[in-house]
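Below is one structure; the comments refer to it alone.
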Amino acid sequence: MTNHKIIVAIDGHSSCGKSTIAKAVAARFGYAFIDSGAMYRAVTLFALRHQLISEGTVNEQMLIGFLPEIQIEFRYNPEKQKSDTYLNGENVEDEIRQLPVSQNVSPVATIAEVRAAMVRLQQEMGKNKGIVMDGRDIGTVVFPKAELKLFVTASAEIRAQRRFDELTAKGEPVSYAEILQNVQERDRIDSTREASPLRKADDALILDNSNMTREEQLVWVIGKVEESLKFHVPDSK
Ligand code: CDP
């Protein structure tokens with residue numbers, strides 16, 4: 001039994017369950033889980049609160065000027081057994097998941113300076129390995145040398161349905177059509193933006209989970225992590 005650790009980088013389209021997989025894998029191996037999307041969401045919430053976004057247009061220069069004042073952390077919540085996202089000391093975990101943030105996060109995430117600041121934080125979090133991070137550019141930009149890279153996807157309709165079920169279960173009044181449109185629009189922006197567009201790293205494994213249960217996915221991913229751990233055994237001489 002070895003106790004060396006690896007970095008697991010999970011990228012893919014919006015709402016395809018990356019975080020669910022990442023969380024479960026992290027728990028299984030005792031690794032830290034970092035939801036990099038939560039960081040872009042927290043920056044977006046900051047921008048909304050400071051009136052830096054109007055009708056989908058972000059005041060980039062002002063937001064960039066504010067970056068040194070934006071502090072993002074994850075703190076473990078023992079009650080929920082998961083980490084919550086904090087923006088300048090305030091727990092914003094619920095607010096960053098709501099529609100106003102979802103609708104404005106993609107343009108914020110296209111700003112190169114915002115990305116550079118987030119990537120720096122993310123790399124710091126992974127410096128001792130033992131981390132599972134999910135996002136759009138984790139295997140390509142944040143940890144290009146990650147031992148295991150996954151690219152997760154599913155059809156836009158299935159992803160919209162899953163998001164719809166999730167929000168409806170929380171009692172939020174949402175429409176399927178609106179969510180599907182949001183999913184498609186985010187795919188488009190994420191894949192065509194200039195700064196770190198969403199793309200599969202050459203050495204990433206594809207996981208299309210359109211027709212897979214959570215359990216099936218978890219078994220598959222755990223298998224891949226175990227293989228990777230065997231393959232990347234450090235020199236013991
Ligand atoms: O819930 P969903 O998977 O769609 O998104 P998320 O992981 O919470 O991320 C929210 C948004 O942040 C995405 O739509 C991307 O535009 C952006 N993002 C990014 O650009 N780079 C990352 N590493 C993570 C998220």
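Counting the residues of the stretch 208-230 that are over 22 Å from the mean Cα position of the chain (by Cα) and free of Cβ contacts under 8 Å to residues at least 40 places away in the same chain gives 3. Residues that are more than 16 Å from the ligand (Cβ to nearest atom) and in contact with a Phe, Trp or Tyr (Cβ under 9 Å, 6 or more places away or on another chain) were ranked within the stretch 33-63; the one that is least open to solvent (accessible area, probe 1.4 Å) is LEU52.
In summary, GLU113 fulfils each of the numbered conditions (1) more than 30 Å from LYS5 (Cβ to Cβ); (2) at pLDDT below 95 with the single exception of condition (2). Which ones in the stretch 191-235 are of a type in the set (Ser, Thr, Tyr), surrounded by 15 or more Cβ atoms within 10 Å (Cβ to Cβ) and out of contact with any helix residue (DSSP H, G or I) (no Cβ under 8 Å at 6 or more places or on another chain)? Scanning the stretch 191-235 gives a single hit, SER228. Annotation note: Cβ proximity below 7 Å between a residue of the stretch 179-201 that is more than 9 Å from the ligand (Cβ to nearest atom) and a residue that is part of a loop (DSSP other than H, G, I, E, B) (sequence gap 6+ or interchain) occurs for SER191/PRO197; SER191/LEU198.
Tallying residues that are of a type in the set (Val, Ile, Thr) and either more than 15 Å from the ligand (Cβ to nearest atom) or open to solvent by less than 50 Å² (accessible area, probe 1.4 Å) (or both) within the stretch 12-32 yields 2.
The values are calculated or read from the model by the stated rules, or taken from the named source; none is laboratory data. The structure presented is a predicted model; accordingly, all values stated were derived computationally and were not measured. Every residue, glycine among them, receives a Cβ derived from its backbone with ideal geometry; neighbour counts consider all protein chains shown. Protein only, heavy atoms only, side chains kept; ligands, DNA and RNA dropped before computing areas. Shrake-Rupley method; radii C 1.70, N 1.55, O 1.52, S 1.80 Å.
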